[in-house]
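Structure first, then comments.
Laboratory data are not the source of any read-out in this text; all were calculated from the coordinates shown. Treat the numbers as computed from the prediction; the structure is a model and nothing was measured. Cβ coordinates were reconstructed from backbone atoms using ideal geometry, including for glycine residues, and neighbour counts include every protein chain displayed.
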Amino acid sequence: MAVETEGRAMSETRQYELVYVVSPETDEDGVAGLHAQIAEIVEKLGGRIDKTDNWGRRQLAYEIDRHREGTYVLELISGSGELVSEIDRRLRVSDVGRARRLGPA
């Protein structure tokens, strides 16, 4: 069952940009593990990851949890609004990364 949002079905496939920032205390294996979790959610909910771009460690615009830098990762994801909502929910409770969904690409 699709939920209507502003005249569009929430299950409609669109491309989304997801940028998440991982704590500088997390090693490359931890970043890869978080990506694998996201890929699993995407696959389970019928979407696909079109592109993954690890921007590496960069300075944050402002301090988060006493950290001044973090590892930035960009994911281009094709899928439904429900998929994005589920990723959003899972990242909010994750200990590894802080995330912000930028919206449709």
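So, by mean Cβ neighbours within 10 angstrom, what's the order for 79-86, 63-70 with the highest one leading?
Details: 79-86: 19.2, 63-70: 11.8.
Packing order, densest peptide first, comes out as 79-86, 63-70.
When peptides 36-45, 14-23 are sorted by average Cβ neighbour count within 10 Å, with the highest value leading, the order is 14-23, 36-45. Taking each residue as 0.36 nm, the span from Glu82 to Gln15 lengthens on full extension beyond its C-alpha to C-alpha distance by 22.9 nm. The length gained by stretching the chain between Asp65 and Asp29 to full extension, at 0.36 nm per residue less their Cα-Cα distance, is 10.8 nm.
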